[in-house]
Amino acid sequence: MRESTPAPGRPARLSREAIVTAALQSDLHTLTMRELATRLGVSHSALYRWVPDRDGLFDLISDVMVERILPSTEPTEATWRDWLRDLAWKMHDEFRAVPGYAAHVAAPHRHNPESFGRLRDRVLTAFRMAGASEDMAEQSWFVFGMSVVHWIGADHADYDLGEGTPRFDLFLDVLLRGLPAQEDARPAPTGG
């Protein structure tokens, strides 16, 4: 993504930080590039010099969100489950704090390869520290990532799931008890 620099002697009106800050203060589900430019006090075309389109905007936002949610420590054999719990709670808190972000992440979309790659690599490391094979670490990443993101998206959407309030702590406890994924030693069912 190309970041432009202002003409010499002219103060910068836009920056990556200013764009992301303004976007995160909006409802991302309905935010348009024109609305964001207005919020920033710049022309529509000036914003497009920094962010080529809505996908580019979400790439910037994803960079910031992944920086916020990734634990500062590395997972170890002794801490992998606590590390994943910490990550999941940070995802819960950060994604829910930005209107429209949980719904965006839960819906099928193109992922920012850099930030998504950093998140994926760290989660795979956690599952490897738990003793998972490469294939089972990858499967565990799918289960963990999809489960947490979709739970947050569904909870944020306020679906009517009946009496009571769904509890993320219980969901996360059950999820992490079942991970990492393991090969099933049972034979595959036969037709009949």
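The values are calculated or read from the model by the stated rules, or taken from the named source; none is laboratory data. This is a predicted model, so every value here is computed, not measured. Methodologically, a virtual Cβ is constructed for each residue, glycine included, from the backbone with ideal geometry; neighbour enumeration extends over all protein chains shown. What goes into the accessible areas is simple: the full protein's heavy atoms, side chains included, and nothing from ligands, DNA or RNA. Shrake-Rupley method; radii C 1.70, N 1.55, O 1.52, S 1.80 Å.
Go through the stretch 21-35 and report how many residues are of a type in the set (Asp, Glu) and either surrounded by fewer than 12 Cβ atoms within 10 Å (Cβ to Cβ) or in a helix (DSSP H, G or I) (or both). Walk me through it before giving the result.
The first filter runs over the stretch 21-35 and keeps only residues of a type in the set (Asp, Glu), leaving 27, 35.
Checking which are either surrounded by fewer than 12 Cβ atoms within 10 Å (Cβ to Cβ) or in a helix (DSSP H, G or I) (or both) leaves us with 35.
Residues in the stretch 21-35 being of a type in the set (Asp, Glu) and either surrounded by fewer than 12 Cβ atoms within 10 Å (Cβ to Cβ) or in a helix (DSSP H, G or I) (or both): 1 in total.
Can you name every one of the helices (runs of 4 or more DSSP H) wholly within the stretch 68-143 that holds 1 or more residues which are surrounded by fewer than 21 Cβ atoms within 10 Å (Cβ to Cβ) and among the aromatic types (Phe, Trp, Tyr)?
Details: elements: 80-97, 101-106, 113-129.
Qualifying helices (runs of 4 or more DSSP H): 80-97, 113-129.
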Checklist outcome for this item: Contact list, first residue from the stretch 94-120 and within 27 Å of PRO75 (Cα to Cα), second anywhere and open to solvent by less than 40 Å² (accessible area, probe 1.4 Å) and polar (S, T, N, Q), beta-carbon distance below 8 Å, six or more apart or interchain, is HIS111/SER62; ASN112/SER62; SER115/SER62; PHE116/SER62
